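Asks: Quick one: structure below, then a few questions.
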Amino acid sequence: MGSSQTKPEFVSVLADQQVKHGHNVTLKCEANTEDVTAEWEKSGCRLQCVYGKHTVDKRFTTFTLNINNVQKEDEGKYTLKLTNKAGTASCSAMVIVEIKEWRTIEWKQDPMIRKIRDFKIKNEEVRELRFLLHGPIGAGKSSIINTIKSIFEEHQFINCLAASDSDATGTSFTTKYQKFSIGTLPFAFYDVMGLEKDNKDGRSKGARSDDIINALKGHIPDDYEFKDNYPMSKENVNYISDPTLNNKIHCLVSVIAADKVSIMDNEVIQKMKDIRAEASKLGIPQLVFVTKMDKVCVLAREDLTKTFQSKKIKEKMEECSTKLGVPMNCTFPMKNYHEETKMNEKLNCLVLEAFTQAVESANDYVKKFSHKE
Ligand SMILES: Nc1nc2c(ncn2[C@@H]2O[C@H](COP(=O)(O)OP(=O)(O)OP(=O)(O)O)[C@@H](O)[C@H]2O)c(=O)[nH]1
Ligand SMILES: [Mg+2]
């Protein structure tokens with residue numbers, strides 16, 4: 001034998017598997033030779049086979065791993081390594097656990113779009129509902145506006161506002177207090193600079209919490225250029241000293257990228273909490289939009305209707321909810337248009353679900369100030 005062995009190669013490789021919680025799953029592949037030793041790994045470590053849980057089998061050139069009664073902790077990347085004297089080969093696949101659907105939405109965009117188009121503000125003095133998006137740099141704030149504009153203006157705004165991910169300079173792309181309208185609908189989005197950790201000398205980087213709080217209160221005019229170390233103040237000629245409800249923000253949206261929530265800087269979280277605390281004092285409703293969930297869940301990336309069966313997405317949302325102190329039912333997962341060139345109804349539905357909630361919350365807020373009430 002020895003050097004006469006055939007170098008192992010795969011004739012068929014392991015395939016990704018989605019499996020319902022509590023069900024069994026089989027990973028299977030075939031090699032060109034049976035003259036190999038096989039080793040299974042899970043997420044980079046040798047698989048510790050548990051009696052009654054894992055069954056590893058090799059029949060001639062076919063290799064299988066059965067996992068019984070799949071639980072949350074069985075999710076991960078499984079790799080099979082084949083070795084003999086002539087060489088090694090490996091292939092991997094993901095096992096993704098589907099959990100019981102934890103939120104239901106209708107995956108039809110037309111009724112959702114109609115509801116927003118027919119929407120009426122419950123306060124005659126308010127011309128438009130104003131939403132402010134804040135969050136860490138590169139979280140996808142501008143992309144959310146792009147995506148909502150794409151849905152309602154019926155053509156795609158390919159990253160006209162968003163920064164490129166590869167342009168990861170660590171500084172915010174958005175520096176102005178810029179207003180974005182959605183066609184002729186009575187909604188205005190304000191996109192502020194991303195929040196960042198301050199410099200070591202205490203100098204502020206990115207958006208300042210006090211500037212955002214001033215924006216919430218209606219003191220900041222459209223197109224105001226934020227300045228790193230000169231927060232808006234009463235002395236500034238642009239300061240709106242006597243804001244009306246039309247200058248104020250009616251709903252605060254915190255934006256967090258699902259793939260970054262675990263490594264978010266504490267200082268940035270604290271800034272977001274301070275802004276939220278101020279919004280709470282002012283009675284302004286608050287929601288969390290969790291973007292980039294395609295980056296944390298293969299299951300949902302391939303089929304967005306699986307979003308609410310994804311354990312990973314639920315965990316990320318729970319993490320956002322806990323870190324910011326916002327209840328889960330005010331936390332919405334989404335994916336923005338970022339590389340696709342065609343419209344996607346399922347993507348639209350997820351964004352519309354969140355946007356509808358923002359519209360309703362903002363409307364409840366302005367209604368409180370209506371003289372008719
Ligand atoms: N995969 C993926 N990428 C996204 C998603 N949303 C945004 N991106 C990408 O993330 C990068 C940053 O997005 P932006 O919308 O510019 O983020 P931002 O929060 O406005 O950033 P600043 O204005 O710089 O603070 C861009 O390259 C987007 O294309 C998403 O849902 N999924
Ligand atoms: Mg931006």
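Asks: Name the single residue, out of those in segment 89-138 being closer than 30 Å to E34 by Cβ and of a type in the set (S, T, N, Q), that is surrounded by the fewest Cβ atoms within 10 Å (Cβ to Cβ).
Replies: S90
Asks: Here are E34, E30, E41: which of them is in the same structural domain as N69 (by TED's automatic domain parsing) and open to solvent by less than 50 Å² (accessible area, probe 1.4 Å)?
Replies: Only one candidate qualifies: E41.
Asks: Mind checking which residues of segment 56-67 are over 26 Å from Q309 (Cβ atoms), open to solvent by less than 70 Å² (accessible area, probe 1.4 Å), assigned to a strand (DSSP E or B) and not aromatic (F, W, Y)?
Replies: D57, T62
Asks: Would you point out the residue of segment 124-157, among those that are touching a strand residue (DSSP E or B) at 6+ places or on another chain (Cβ under 8 Å) and aliphatic (A, V, I, L, M), that is farthest from ligand 2 (Cβ to nearest atom)?
Replies: Once the filter is applied, the top-ranked residue is L129.
Asks: In the list E318, E278, E267, which residue meets the criterion of being surrounded by fewer than 17 Cβ atoms within 10 Å (Cβ to Cβ) and in contact (Cβ under 8 Å) with a residue 60 or more places away in the chain?
Replies: Values: E318 fails: in contact (Cβ under 8 Å) with a residue 60 or more places away in the chain; E278 fails: surrounded by fewer than 17 Cβ atoms within 10 Å (Cβ to Cβ).
From the options E318, E278, E267, the qualifying one is E267.
Asks: Regarding segment 228-248, can at least one residue be identified that is assigned by TED's automatic domain parsing to the domain that holds E124, within 16 Å of ligand 1 (Cβ to nearest atom) and out of contact with any His (no Cβ under 6 Å at 6 or more places or on another chain)?
Replies: Looking through segment 228-248, at least one residue is assigned by TED's automatic domain parsing to the domain that holds E124, within 16 Å of ligand 1 (Cβ to nearest atom) and out of contact with any His (no Cβ under 6 Å at 6 or more places or on another chain).
Asks: Which of the residues that make up segment 139-156 are away from ligand 1 (no atom under 13 Å from the Cβ) and either open to solvent by less than 10 Å² (accessible area, probe 1.4 Å) or at pLDDT 90 or above (or both)?
Replies: I151, F152
Asks: Mind checking which residues of segment 244-264 are surrounded by fewer than 16 Cβ atoms within 10 Å (Cβ to Cβ) and over 16 Å from the mean Cα position of the chain (by Cα)?
Replies: Within segment 244-264, T244, N246 qualify.
Asks: Further, regarding this structure: Quickly run through segment 345-364 and pick out the residues that are open to solvent by less than 10 Å² (accessible area, probe 1.4 Å) and over 18 Å from K141 (Cβ atoms).
Replies: Residues satisfying the conditions are N348, C349, N363.
Asks: Scan segment 346-371 and report the pairs whose first residue is under 17 Å from E154 (Cα atoms) and whose second residue is surrounded by 22 or more Cβ atoms within 10 Å (Cβ to Cβ) and polar (S, T, N, Q), with Cβ atoms within less than 7 Å and a gap of 6+ or a chain change.
Replies: Qualifying pairs under 7 Å: L350/T307; V351/T147.
Asks: Output the number of residues of segment 214-243 satisfying the condition of being open to solvent by 50 Å² or more (accessible area, probe 1.4 Å), in contact (Cβ under 8 Å) with a residue 40 or more places away in the chain and assigned to a loop (DSSP other than H, G, I, E, B).
Replies: Qualifying residue count for the region: 2.
Yes or no, residue by residue, for (1) away from ligand 1 (no atom under 16 Å from the Cβ); (2) farther than 30 Å from M193 by Cα; (3) without any contact (Cβ under 8 Å) to a residue 12 or more places away in the chain; (4) in the same structural domain as N214 (by TED's automatic domain parsing):
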{"position": "N66", "(1), (2), (3), (4)": "yes, yes, no, no"}
{"position": "K77", "(1), (2), (3), (4)": "yes, yes, no, no"}
{"position": "K85", "(1), (2), (3), (4)": "yes, yes, no, no"}
{"position": "A93", "(1), (2), (3), (4)": "yes, yes, no, no"}
{"position": "I113", "(1), (2), (3), (4)": "yes, no, no, yes"}
{"position": "I137", "(1), (2), (3), (4)": "no, no, no, yes"}
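Asks: How many residues, within segment 285-315, are open to solvent by less than 10 Å² (accessible area, probe 1.4 Å) and either in contact with a His (Cβ under 7 Å, 6 or more places away or on another chain) or part of a loop (DSSP other than H, G, I, E, B) (or both)?
Replies: Selection size over segment 285-315: 1.
The values are calculated or read from the model by the stated rules, or taken from the named source; none is laboratory data. Owing to the predicted nature of the structure, the values given are computational and were not obtained by experimental measurement. Because the Cβ atoms are built from the backbone with ideal geometry, glycine has one as well, and the counts that use them run over all protein chains shown. Ligands, DNA and RNA are stripped out before the accessible areas are found, and what is left, the full protein with its side chains, is counted by its heavy atoms. Shrake-Rupley method; radii C 1.70, N 1.55, O 1.52, S 1.80 Å.
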